[in-house]
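The values are calculated or read from the model by the stated rules, or taken from the named source; none is laboratory data. Since the model is a prediction, treat every value here as computed from it, not as a measurement. No Cβ is skipped: glycine too gets one built from the backbone with ideal geometry, and neighbour counts run over all protein chains shown. Surface areas here come from the heavy atoms of the whole protein model, side chains and all, with no ligands, DNA or RNA. Shrake-Rupley method; radii C 1.70, N 1.55, O 1.52, S 1.80 Å.
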Amino acid sequence: MRLENKSIVVTGASSGMGDAIVRRFVAEGAHVVAVAHRKERLEALAKSLAGEPGSVLPYPGDVSDNAMNEGMIDAAIKEFGRLDAVVNNADVMDHMGPIDQTSDDTYRHVMDINVYGPFCAMRKAVKVFLLPVDGGWMAS
């Protein structure tokens, strides 16, 4: 198992590519903090992977929220003792259309999820990654 005992955060984990990423990582022995809006889907995902070598910690939240991004990183460290990777998979393209028909609110919503969220997640994760401990990374 290539990812045995690795601790990984995956956003957008409740469907599509995020769901597939979580399933593969857990099958490879990783411990995954699965992040998405839909708590019930995250819980169903975790339950469906209960017999796999790795594990899933459902973490419902909004990736456009800086505090939530910091919390998901902290949760990986608290639950699994380390952080090895972050997969910023969450995205949205809701109601985007021609620029002359796109509202400021729609644009901000898309940018908050697709750009600001990953920025916040990686800003926190990089601080952790810069502290090497025992072949992985931990917060001080």
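Spot the failing condition for Ala13; the list is (1) crowded, with 20+ Cβ neighbours inside 10 Å; (2) touching a His at 6+ places or on another chain (Cβ under 9 Å), and only one is missed.
Unmet condition: (2).
Pull up segment 91-110, narrow it to residues that are open to solvent by 70 Å² or more (accessible area, probe 1.4 Å) and assigned to a helix (DSSP H, G or I), then point me to the one that is nearest to Val10 (Cα to Cα).
Filtering segment 91-110 for residues that are open to solvent by 70 Å² or more (accessible area, probe 1.4 Å) and assigned to a helix (DSSP H, G or I), the one nearest to Val10 (Cα to Cα) comes out as His109.
Does segment 43-59 contain any residue that is at pLDDT below 90 and more than 14 Å from the chain's Cα centre (by Cα)?
No, because not a single residue in segment 43-59 is at pLDDT below 90 and more than 14 Å from the chain's Cα centre (by Cα).
Give Lys78, Lys124 a once-over and let me know the one that is open to solvent by 30 Å² or more (accessible area, probe 1.4 Å), over 14 Å from the mean Cα position of the chain (by Cα), among the charged types (D, E, K, R) and at pLDDT 95 or above.
Lys78
Among the residues of segment 16-54, how many are touching a strand residue (DSSP E or B) at 6+ places or on another chain (Cβ under 9 Å), part of a loop (DSSP other than H, G, I, E, B) and open to solvent by less than 90 Å² (accessible area, probe 1.4 Å)?
Result for segment 16-54: 4.
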